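Below is one structure; the comments refer to it alone.
The values are calculated or read from the model by the stated rules, or taken from the named source; none is laboratory data. Quick caveat: nothing in here was measured; it's all calculated off a predicted structure. In this analysis, Cβ positions are derived from the backbone assuming ideal geometry, glycine residues included, and neighbour counts consider all displayed protein chains. Side chains are part of the model used for accessible areas, which takes the heavy atoms of the whole protein and leaves out ligands, DNA and RNA. Shrake-Rupley method; radii C 1.70, N 1.55, O 1.52, S 1.80 Å.
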Amino acid sequence: MPMTLGIVQARVGSTRLRNKVTRRLGGKSLLEWVIRRVTDSQRLDAVIVAAGAAPENAALAELIPSDVPLFIGSEHDVLKRYVDAIDEYQPDAVVRICADNPFVDPNLIDRLVDTADKHPECDYISYRMSNGKPVILSSVGVFAEWCRADALKRADELATSAADQEHVTRVLYSRPDEFQVRFMQAPADLDCEDLRLTVDLEEDWDTTETIFDARAPEGLDWEQITGLLRHQPALRRRMAELN
């Protein structure tokens, strides 16, 4: 059977909010929290964390469950890091998850893999907004991306800029003439310019803690989070400003 590998992209250093993956949420590091959300997916065969070779990233090993491997690869060429992880673990496909998305939704991950099963011709599958923007370019923060492993290897060969190397899937979704790309429509309650569930700024962390305290531990599916935020107009206005 085809193997689908979840790869959580993580680092200790961050330009705007350093050490954010080490911060504690419900007694667990942000990184561990994201991993546990991802491992709730029913369609992933395994999950790893992929980090760069900066010495500080060795500390990530202390933040993750013992059954989740830490793969160390290129520090600055993140696309190459993924390709090297593919060579190491030999999956047929990968699902990319960013470690600064504490509310990444396992059900939305499962939909990606289910869609890939139905469309074996695809190289890249994710979600997009009604304006056509891929969700990876938004700050909604609950989505992931599915990629065929050999397509990522081909993307690595075609990458020509630092942006291509840093933003792992950029070559795939920006070149529909080279790759078979499929976008699913984001659910209406997530198709918003006033929704921000990623952690990039100190204010984002405050919002994450507020949501977690209100809904944890059982009520963190995206439907429940958007239901909560539907009654927080001031917070939604601030999210729109930050976006």
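Observations, loosely collected:
- The sum of -39500 (n - 2.57) across all DSSP H runs of n ≥ 4, divided by the residue count of the chain, sets its helix-only mean residue ellipticity at 222 nm to -10500 deg cm²/dmol.
- A simple count of charges around Asp189, restricted to other residues whose Cβ falls under 9 Å of its Cβ and scoring Lys, Arg +1 and Asp, Glu -1, yields -1.
- Solvent-accessible area per residue in the chain equals 45 Å², computed with a 1.4 angstrom probe and all protein chains kept.
- Share of carbon and sulfur in the accessible heavy-atom surface of the chain [1.4 Å probe, %]: 45
- Charged-residue dipole, Cβ positions (Lys, Arg, Asp, Glu), the chain about Cα centre, Debye nearest 20: 420
- Summarising the strand pairing of the chain, around 30 percent of its internal DSSP beta bridges are antiparallel.
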